[in-house]
1. Is it the case that Val394 is out of contact with any Gly (no Cβ under 9 Å at 6 or more places or on another chain), modelled with pLDDT of 85 or more, of a type outside the set (S, T, N, Q) and closer than 18 Å to Gly249 by Cα?
2. Take the residues in the stretch 95-113 that are of a type in the set (Gly, Ala, Ser) and buried (at least 18 other Cβ atoms within 10 Å of the Cβ), then tell me which one is nearest to Arg351 (Cα to Cα).
3. Identify all residues within the stretch 270-296 that are under 17 Å from the mean Cα position of the chain (by Cα), over 19 Å from Pro133 (Cβ atoms) and small (Gly, Ala, Ser); write none if there are none.
4. Using the structure shown, decide if Ala295 is at pLDDT 90 or above, more than 17 Å from Phe234 (Cα to Cα) and small (Gly, Ala, Ser).
5. Got at least one residue in the stretch 83-90 being over 19 Å from Gly344 (Cβ atoms), in a helix (DSSP H, G or I) and free of Cβ contacts under 8 Å to residues at least 40 places away in the same chain?
6. Going through Gly77, Gly92, Gly29 one at a time, which residue ends up being in the same structural domain as Met173 (by TED's automatic domain parsing), under 22 Å from Arg136 (Cβ atoms), buried (at least 19 other Cβ atoms within 10 Å of the Cβ) and touching a helix residue (DSSP H, G or I) at 6+ places or on another chain (Cβ under 7 Å)?
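The values are calculated or read from the model by the stated rules, or taken from the named source; none is laboratory data. Everything numeric here is computed off the predicted structure, so don't read it as measured data. Glycine also receives a Cβ, built like all others from the backbone with ideal geometry; neighbour counts cover every protein chain displayed.
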Amino acid sequence: MEEKINREEKIPYRRIWLVCLNIIFALAGLSIVSPILPQIKAWQDVSYSMMGFFVASYAMSRVVVDLPSGILVDRWGTCIVTLSGFTVSALGSLMCGFAPNLYFLIAGRILSGVGSGLAVTSLQTELILLAPPAYRSRSMSYFMLARRAGGSLFPFLGGVLAAWGRWRNVFFMVCVLNVIGAAIALFTYSARKSHQLKEKDQVLQEEKNGDEKEAFSFFQGKFLVIYLVALAIFLNRDGVERTLVPFFGSTLSLNSVQIGLGLTLSSLASLGGIYLGGRAADHWGRKLVLLVGVAFLVLGNSLFLFVHNYAMYLGVSLIFGVVAFNMGLPNVIIADMSPRRHIGKALGLGRLFNDLGTVIGPLLLTQVIDRFGFGVSFYFGIFLMTLAFLLVAVFLPETRKASFSGTGLKQSWHKEG
């Protein structure tokens, strides 16, 4: 099917930016606590293992709620789920702020993680649905940029708040940000409701046309492939890029400033990579751009086997940053392959695999380092991303590609099954 779309009329940029702002607020609790971990440890004089459990409790609660939140989005709509998520997260942050002991603090973090998981899945789904299908990659790049912006800003903010007062102020700030996010969700309620009614009309029209009469299952081969690819990409990101690479820097006798500079440059490079990657995927095809990105991850893992000085370390770190657009493309492909009525559930399941990679990656790669050393760890990354490349190349269909001409957009829509 080919059609022309007027960009100005079809893309609600104002609402997209409001959703992105809310995504930043929903993810505030993820990284803002990092600078205050030593203060919390000293407060209760607990072991590093207990602090590790405190850190992991937030991520694990998000893993548990990813799929249910997608189901709730399909049933209740994004507005109700977003409001519920911000409310639960705010209550959890208040619990942390007034916690009398570490166990109460962990309970608050679990509750806050549940709320964040609800809100982020709902907001991601809304961002996907707001943009026309031909612009989904670009829309998802905004989601990834919002995540990066929050991840860059909040650790510094947390450190400043703790320095000016007590570490509890950090959790009170998260609560305030969640309340602001809920207010934005309420402010845009009528627009959200109108959009959801339009989506329901489109679903009914599809049913009338017979587009969704065939049985639908997330256990179809193409869905299993893209979920496994998403797991591999996030496992590589958090296992190799965020854990293995910093530790590897110490073997080159790099100090913390040099390692930090490498991570910062990689993060800055990712901003341009995410933005340009989203536009490229809408223009040339999601599968093609994903293949290019995964191929560069194979290259990056391979080059680290030959890194022996700081310049090479920085160069390979930049490669990892530039191809950060890989993280959003699996979710775009998932949305392309899903009927409208199941997009929330599909993205919730996708986030489950993303978060599993985030949790498993550091645990698995540190075990490999302890047992076999850095060389085998990078070989593992090479194998993992090569497998992901083959899965995409052989089993994954191209879902949409478009070519631009003047102010219009000429689209080719490839809908499978």
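1. The answer is no for Val394.
2. It comes out as Gly113.
3. The answer is Ser270, Gly272, Gly273, Gly293.
4. no
5. Looking through the stretch 83-90, none of the residues is over 19 Å from Gly344 (Cβ atoms), in a helix (DSSP H, G or I) and free of Cβ contacts under 8 Å to residues at least 40 places away in the same chain.
6. Gly77
So that you can scan it fast, the table gives a plain yes or no per residue for (1) touching a strand residue (DSSP E or B) at 6+ places or on another chain (Cβ under 9 Å); (2) β-branched (Val, Ile, Thr); (3) closer than 21 Å to Gly77 by Cα:
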{"site": "Ala90", "(1), (2), (3)": "no, no, yes"}
{"site": "Met95", "(1), (2), (3)": "no, no, no"}
{"site": "Tyr103", "(1), (2), (3)": "no, no, no"}
{"site": "Ile106", "(1), (2), (3)": "no, yes, no"}
{"site": "Arg109", "(1), (2), (3)": "no, no, no"}
{"site": "Leu118", "(1), (2), (3)": "no, no, yes"}
{"site": "Ile128", "(1), (2), (3)": "no, yes, yes"}
{"site": "Tyr135", "(1), (2), (3)": "yes, no, no"}
